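The values are calculated or read from the model by the stated rules, or taken from the named source; none is laboratory data. Treat the numbers as computed from the prediction; the structure is a model and nothing was measured. Positions of Cβ are generated from backbone atoms using ideal geometry, with glycine treated the same way; all protein chains shown enter the neighbour counts.
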Amino acid sequence: MPDLATHVGLLYVFVRLFQPKLTIFSRKPYLFVILCLGTILPDVLTRVPLVILAREVFFFFAPLHTPVLLFLTCYLTSMLFEVNLRKSIFIILIFGAALHLFLDSLQKTIGDNGYPWFFPFSLKTFNFGLFWPTESIFFIPIILITIIVIHLLKK
Amino acid sequence: MFTNTHYFLKILITFLLVVGFCFYGNLQLSGKFPSYEHYLSNPELNHKKEILKTVQKIVKIYPSAFVIREKGKDILVKTENPLVNNFKKGMVIDFIACFNKEGYFELQRYYIRHWIRVSIFVSFLAVLLVVVLFLKYFEMEIREYKIFKIKKLNA
């Protein structure tokens, strides 16, 4: 997994670049926060229990990093909000989580230790293998500079 | 009354589905991906498959290889990864390697301990940022909702 700062940073760059089309985020800024929540959700669900509990629980929480279970978790999370907001929050959470999974699919893994994208239907794993997970930290300065440039240009 | 029951039923069913899939995933995935401890404790697997070496100090560096000392014995780990240039003598790394035909360890994947710490730290900062933004926007939303309700009552 690339670190969460890379996930959130790239998401910010993505939203700012497509701002003319994604006007919803300028009208309702809290939806951008929901989008960020969606993008950190897969790692928060699978990694936080490892920190709080023990390494042995890894395989129990690992399925929460797959599309089907993320769909259900996003639905469950959206149910905690007000009725009128639920649908938009659900869609935005899904969108954020999908961006997270897309970025994760680009990383390298050893052997079969990738993510089982089609769980529970298949345990077949697949990754594009462009970079190692921890190498994403080296992109953080570039992302930060991009964010600053975008900010300055928009002003 | 019906709406409330319907709402809680939906939450309960989704929650049970998620937990059920997690149990199923635990059974399936733990069988598919044996733990690294399993590799380490099985000498036969050690020589056939990739294994994880944790907290190893590098004792010597070559242009395309490095040496670790294990139980008083030096092990040469070969690599084609150009990022090996980042390695320094005495550096602590976690790595996965497998034996090649020549009997050398071939590096497949590694984590430099301090980069993992940096990765976890920036991830924590990202989560903190999202939580703060979430609380800030929703506090604003709640305040606006209360003002709207008071105005409605006054009218």
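Tabulated data for the structure shown
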| read-out | value |
| --- | --- |
| Every pair of residues 6+ apart whose Cβ atoms lie under 8 Å, when the first sits in region B:59-87 and is closer than 14 Å to residue B:104 by Cβ and among the polar types (S, T, N, Q) while the second is surrounded by fewer than 16 Cβ atoms within 10 Å (Cβ to Cβ) and modelled with pLDDT under 75 | B:64/B:80 |
| Criterion violated by residue B:99 - all others in (1) of a type in the set (A, V, I, L, M, F, W, C); (2) at pLDDT below 75; (3) closer than 30 Å to residue A:25 by Cβ satisfied | (3) |
| Residue list for region B:137-155, filter: within 42 Å of the chain's Cα centre (by Cα) and of a type in the set (A, V, I, L, M, F, W, C) | B:138, B:140, B:142 |
| Hits in region A:64-82 - residues which are among the aliphatic types (A, V, I, L, M) and more than 9 Å from chain B (Cβ to nearest Cβ) | A:70 |
| Selected residue (only one of A:89, A:94 is within 12 Å of chain B (Cβ to nearest Cβ) and either part of a loop (DSSP other than H, G, I, E, B) or buried (at least 17 other Cβ atoms within 10 Å of the Cβ) (or both)) | A:89 |
| Considering residues of region A:122-140 that are hydrophobic (A, V, I, L, M, F, W, C) and free of Cβ contacts under 8 Å to residues at least 24 places away in the same chain only, the residue nearest to the other protein chains (Cβ to nearest Cβ) | A:123 |
| Filter result (among the hydrophobic types (A, V, I, L, M, F, W, C) and either on the phi > 0 side of the Ramachandran plot or modelled with pLDDT of 85 or more (or both)) within region A:140-155 | A:140, A:142, A:143, A:144, A:145, A:147, A:148, A:149, A:150, A:152 |
| Unmet requirement for residue B:130, which otherwise passes all of (1) surrounded by 19 or more Cβ atoms within 10 Å (Cβ to Cβ); (2) modelled with pLDDT under 85 | (2) |
| One residue from B:146, B:152 being under 18 Å from residue A:81 (Cα atoms) and either more than 12 Å from chain A (Cβ to nearest Cβ) or in contact with a Gly (Cβ under 9 Å, 6 or more places away or on another chain) (or both) | B:146 |
| Test: residue in region A:97-104 that is among the aromatic types (Phe, Trp, Tyr), in a helix (DSSP H, G or I) and crowded, with 19+ Cβ neighbours inside 10 Å | no |
| Residue that is surrounded by the fewest Cβ atoms within 10 Å (Cβ to Cβ), among those in region A:143-155 that are in contact with a Gly (Cβ under 9 Å, 6 or more places away or on another chain) and among the hydrophobic types (A, V, I, L, M, F, W, C) | A:144 |
| Number of positions in region A:23-43 that are of a type outside the set (Ser, Thr, Tyr) and surrounded by fewer than 16 Cβ atoms within 10 Å (Cβ to Cβ) | 3 |
| Region A:62-89, subset under 19 Å from residue A:42 (Cβ atoms) and among the small types (Gly, Ala, Ser), residue modelled with the lowest pLDDT | A:62 |
| Members of region A:46-75 found to be under 16 Å from residue B:16 (Cα atoms) and within 17 Å of the chain's Cα centre (by Cα), listed by number | A:61, A:63, A:64, A:68, A:69, A:70, A:71, A:72, A:73, A:74, A:75 |
| Among (1) of a type in the set (A, V, I, L, M); (2) under 21 Å from residue B:116 (Cβ atoms); (3) free of Cβ contacts under 8 Å to residues at least 40 places away in the same chain - the single one residue A:143 does not satisfy | (3) |
| Positions within region A:1-59 being of a type in the set (Ser, Thr, Tyr), within 21 Å of residue A:91 (Cβ to Cβ) and within 10 Å of chain B (Cβ to nearest Cβ), in sequence order | A:30, A:39 |
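Matching residues to (1) under 24 Å from the mean Cα position of the chain (by Cα); (2) closer than 29 Å to residue A:84 by Cβ; (3) at pLDDT 60 or above:
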{"position": "B:10", "(1), (2), (3)": "no, yes, yes"}
{"position": "B:14", "(1), (2), (3)": "no, yes, yes"}
{"position": "B:21", "(1), (2), (3)": "yes, no, yes"}
{"position": "B:28", "(1), (2), (3)": "yes, no, yes"}
{"position": "B:32", "(1), (2), (3)": "yes, no, yes"}
{"position": "B:37", "(1), (2), (3)": "yes, no, no"}
{"position": "B:48", "(1), (2), (3)": "no, no, no"}
{"position": "B:53", "(1), (2), (3)": "yes, no, yes"}
